[in-house]
Amino acid sequence: EDATASPTMGCGASSANPKDAALTSEPAPVKQPALTEAIPAGKIELPGADAESPDGQLSGRVRPSFEEIDQGTNETSSSTKQPDTAENVVAERSSKLLPANIRTYQLVKLCQDSHFDRTQVEKLYELFKKISCAGDDDGLIDKAEFQMALGLKKNLFVDRMFALFDEDGDETITFAEFVFGLSTFSLRAKREEKAKFSFRMYDLKGDDVIDREELSTMLNSTISDNKLSISPEDAANMVDITFVQAATANPDTMTFAEYLGLVQKKPQLIDFMTIASLNQLLS
């Protein structure tokens, strides 16, 4: 099962001294989990990324090209294909419930409200039709299909990602939600837009602030998921340092304005908010 990194503000980059470990990007002899390493480019990938490209691979697994998905074939892995993998399920099936083509008025609206053009939205629709029938062919993406499409194991990161894509909270993702969610991960999305999405990932309670408990939860989830050698004391220290660096008015909570200020000083904190292969997939 692939190890999956998660966005963790409280983690620092590499430092032999945990007190200096929060939110730094300088290389050092001792490896620490870093917010700057939260979701490295290439960790979140859609089916269709180039398997030969460093930006398009996920832990060495071969993914079909978009053209192969579109044709319903996957020659690169035909000899070892497994019917329950994201690559094969998405490649072989397409929803029989959804219309063959997206309606013009929907297409125009999605282009206006996202960072995608007409051709890109049409390609996303073809991908959506395939992902949405990986489990039940109901014209919607559920959490299991979402997790399979991203090639990620079940964890808090997947839960938070799914919850933010699922804007109406009905436990499914519509095509419009799919487009709007991915739009934030595109290269055209502005820093503040990406920061707002990532802030909401940490804001587990949905009260418009990130508190120490929420940050600790995300950090400990990352440590557990990736089997990192970080002691509880060091993890707590990373959370403390993060709040100091954010210069929060309240020592126990961080507002979006304070988080955005931190991101502006350290833009690498939201590197995970850009899916490197998205443009490649839609070009």
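The values are calculated or read from the model by the stated rules, or taken from the named source; none is laboratory data. Since the model is a prediction, treat every value here as computed from it, not as a measurement. Neighbour counts are summed over all protein chains in view; Cβ atoms, including those assigned to glycine, are modelled from backbone coordinates with ideal geometry. Areas reflect the complete protein model, heavy atoms only, side chains present, ligands, DNA and RNA absent. Shrake-Rupley method; radii C 1.70, N 1.55, O 1.52, S 1.80 Å.
Below are the figures for this structure:
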item: Checking Asp207 against (1) among the charged types (D, E, K, R); (2) in contact with a Leu (Cβ under 8 Å, 6 or more places away or on another chain); (3) surrounded by fewer than 19 Cβ atoms within 10 Å (Cβ to Cβ), the condition it does not meet; result: (2)
item: Selection within the stretch 258-283 - in contact with a Lys or Arg (Cβ under 8 Å, 6 or more places away or on another chain) and within 18 Å of Ser183 (Cβ to Cβ); result: Ile270, Phe272, Met273, Thr274, Leu281, Leu282
item: Subset of the stretch 219-248 [open to solvent by 20 Å² or more (accessible area, probe 1.4 Å) and either under 20 Å from Glu192 (Cβ atoms) or assigned to a strand (DSSP E or B) (or both)]; result: Gln245, Ala247, Thr248
item: From Ser114, Ser198, Ser216, residue being under 30 Å from Ala247 (Cβ atoms) and crowded, with 19+ Cβ neighbours inside 10 Å; result: Ser198
item: Residues being buried (at least 22 other Cβ atoms within 10 Å of the Cβ) and modelled with pLDDT of 95 or more - total across the stretch 129-144; result: 2
item: So Ala276, is it buried (at least 18 other Cβ atoms within 10 Å of the Cβ) and not in a loop (DSSP other than H, G, I, E, B); result: no
item: Count of residues meeting criterion [part of a loop (DSSP other than H, G, I, E, B) and touching a residue at least 40 places away in the same chain (Cβ under 8 Å)] in the stretch 110-126; result: 3
item: Any chance Ala144 is under 16 Å from the mean Cα position of the chain (by Cα) and under 18 Å from Ser277 (Cβ atoms); result: no
item: Residue count for the stretch 93-109, restricted to those that are over 23 Å from Phe185 (Cβ atoms) and in a helix (DSSP H, G or I); result: 2
item: Odd one out for Ala249 among (1) farther than 18 Å from Leu204 by Cα; (2) in contact with a Phe, Trp or Tyr (Cβ under 8 Å, 6 or more places away or on another chain); (3) at pLDDT 95 or above; result: (2)
item: Among (1) over 22 Å from Leu152 (Cα atoms); (2) open to solvent by 40 Å² or more (accessible area, probe 1.4 Å); (3) among the hydrophobic types (A, V, I, L, M, F, W, C) - the single one Met254 does not satisfy; result: (2)
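Residue-by-condition table, conditions (1) without any contact (Cβ under 8 Å) to a residue 24 or more places away in the chain; (2) out of contact with any strand residue (DSSP E or B) (no Cβ under 7 Å at 6 or more places or on another chain):
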{"position": "Asp136", "(1), (2)": "yes, yes"}
{"position": "Ala149", "(1), (2)": "no, yes"}
{"position": "Asn155", "(1), (2)": "no, yes"}
{"position": "Met161", "(1), (2)": "no, yes"}
{"position": "Gly169", "(1), (2)": "yes, yes"}
{"position": "Phe180", "(1), (2)": "no, yes"}
{"position": "Tyr202", "(1), (2)": "no, no"}
{"position": "Gly206", "(1), (2)": "yes, yes"}
{"position": "Ser216", "(1), (2)": "no, yes"}
